[in-house]
1. Would a scan of the stretch 186-199 turn up a residue that is touching a Gly at 6+ places or on another chain (Cβ under 6 Å), without any contact (Cβ under 8 Å) to a residue 60 or more places away in the chain and not β-branched (Val, Ile, Thr)?
2. Would you please name the residue that is farthest from Ala281 (Cα to Cα), looking only at residues in the stretch 206-262 that are in a helix (DSSP H, G or I) and polar (S, T, N, Q)?
3. Go through (1) over 20 Å from the mean Cα position of the chain (by Cα); (2) surrounded by fewer than 19 Cβ atoms within 10 Å (Cβ to Cβ) and name the single condition Thr15 misses.
4. Scan the stretch 150-172 residue by residue and report those that are more than 16 Å from the ligand (Cβ to nearest atom) and either more than 21 Å from Trp216 (Cβ to Cβ) or surrounded by 15 or more Cβ atoms within 10 Å (Cβ to Cβ) (or both).
5. Can you find even one residue in the stretch 130-146 that is within 16 Å of the ligand (Cβ to nearest atom), of a type in the set (S, T, N, Q), under 25 Å from Asp287 (Cβ atoms) and under 22 Å from the mean Cα position of the chain (by Cα)?
6. Being touching a residue at least 60 places away in the same chain (Cβ under 8 Å), within 16 Å of the ligand (Cβ to nearest atom) and not aliphatic (A, V, I, L, M) is the requirement here; does Gly329 meet it?
7. Among the residues of the stretch 231-243, which ones are within 14 Å of the ligand (Cβ to nearest atom) and either more than 13 Å from the chain's Cα centre (by Cα) or touching a residue at least 40 places away in the same chain (Cβ under 8 Å) (or both)?
Amino acid sequence: MSLASTLVGEYSSRTRRSRELAEEALASFPGGIVHDARFFRPHPIYVERAAGSRKWDVDGNEYVDYVGGHGAMLLGHAHPQVTAGVQRQLEYGTHYGACGELELRWAQLVQRLMPAAELVRFTSSGTEATLLAIRLARAFTGKAKILRFNTHFHGWHDHAAFGISSHHDGTPTPGVLTALSEQVLLCDPGDMVEVERLLAEGDVAAVILEPTGATWGQVPFAASDLHKLRAITRKLDTLLIFDEVVTGFRCSPGGAQTLYDVAPDLTTLAKVLAGGMPGGAVTGRRDILKLLDAEACRREGLEKVPHHGTYNANPASAAAGIAALTIIGSTDACERASNFAARLRNELNVLFEQIGFTWRAYGAFSAFHIYASGHDERVEVAELDSGRFDYRKIKAAAQHPLIPELCLALRIHGVDIFGWPGGTVSSVHTDEDLEQTVDAFRKALQAIK
Ligand SMILES: Cc1ncc(COP(=O)(O)O)c(C=O)c1O
């Protein structure tokens, strides 16, 4: 019997109830899932509850969790203060169709932690935040084009749907208009010469990027390039948008912009912002966000940028966000998560050497990524982390045929990671989690070997 079928057999016998639910779900959802990233062969797990760094599936299996609510759970699952804040709010109602004090306190926390957040507009998700930021940039500059970096993810709307895992030539993915994709320029990460050339051609409203690189830094972006980008965009009269949906309140309480001391014109936020509840925001320069202010626009003879959203700053999300940002702003939560991830990356690299794999664990802050190098390829961690390593090679390594088996074997040994492959760490992962994770990797890799 092949390794794959042995693993599938073992996984399936441990996750019988998940399998039943997955089969039932095929009648309700395309492919049985509600988010593209949840695709998993032979079937996904169905999770019943989560607490701290762990989660439990409907068959009672326990996992050390590195999916972390797609990065939202920096403080771990069901953090007592966040849960108490939401529970209190539920008793007071979840939607007033009116202003509420919580939205103000939430925004003030954002402003305190991120000095470039002169004003804040809440949205319901990160996708909505980047969509609004792009609209504001176009309205403010009167220019049409947006420059993005290949592989950088900004949500699923039409301006951001292509050039992530495919269509790096800028052609649209199905359902996106060519006319729209023509207004979005794609550039390879790290190619500052090309960025400058494209901006110099004119008509570029904004450059948008993930400041630590695509997918939690799987394709790292050099900090020195952030400074270059700031200088180039200023010189060529283009706005700079940091998409800090992942990095905001994670790589430091003030996000990547505070850590690297680069002030973008606009910032998009979500995930940690709302403490595990739905929520996003656009923040940034007063003179740009002013375009959402009807009175200011009337006074200045400008046409307002429209923006609605039934669940913007809904009270339950605001309560979770206030609790989360209060903790993040007053404790070493970000640092603890980053330290754990650094230890994990180191221990995985020691393990890879020990068992004769040329693979590498790399990354920054509270993330880890695995570069599944080919047999003869020896890559240094520093090369991967440099922001100069070819993104095509990183993406090709992610397609290594053993990765699905690795993820499957890790689940069998009680560890859940993203299939990119890598994961995100919380501030409450423990020494025991570290030990169990390395042990699970050892068993999985030995089986694969
Ligand atoms: C960097 C980045 N921007 C935007 C988004 C979209 O956020 P949401 O899933 O809340 O729409 C994501 C989601 O993973 C993200 O990672």
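1. yes
2. Step by step, filter the stretch 206-262, then rank; the result is Ser224.
3. For Thr15, the exception is condition (2).
4. Across the stretch 150-172, the qualifying residues are His167, His168, Asp169, Gly170, Thr171, Pro172.
5. Within the stretch 130-146, one or more residues are within 16 Å of the ligand (Cβ to nearest atom), of a type in the set (S, T, N, Q), under 25 Å from Asp287 (Cβ atoms) and under 22 Å from the mean Cα position of the chain (by Cα).
6. no
7. Of everything in the stretch 231-243, those that are within 14 Å of the ligand (Cβ to nearest atom) and either more than 13 Å from the chain's Cα centre (by Cα) or touching a residue at least 40 places away in the same chain (Cβ under 8 Å) (or both) turn out to be Ile241, Asp243.
One line per residue, one yes/no per condition, for (1) under 26 Å from Asn339 (Cβ atoms); (2) without any contact (Cβ under 8 Å) to a residue 60 or more places away in the chain; (3) polar (S, T, N, Q); (4) assigned to a loop (DSSP other than H, G, I, E, B):
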position: Ala361; (1), (2), (3), (4): yes, yes, no, no
position: Ala382; (1), (2), (3), (4): yes, yes, no, no
position: Arg392; (1), (2), (3), (4): no, yes, no, no
position: Ala396; (1), (2), (3), (4): no, yes, no, no
position: Glu405; (1), (2), (3), (4): no, no, no, no
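The values are calculated or read from the model by the stated rules, or taken from the named source; none is laboratory data. Owing to the predicted nature of the structure, the values given are computational and were not obtained by experimental measurement. Glycine also receives a Cβ, built like all others from the backbone with ideal geometry; neighbour counts cover every protein chain displayed.
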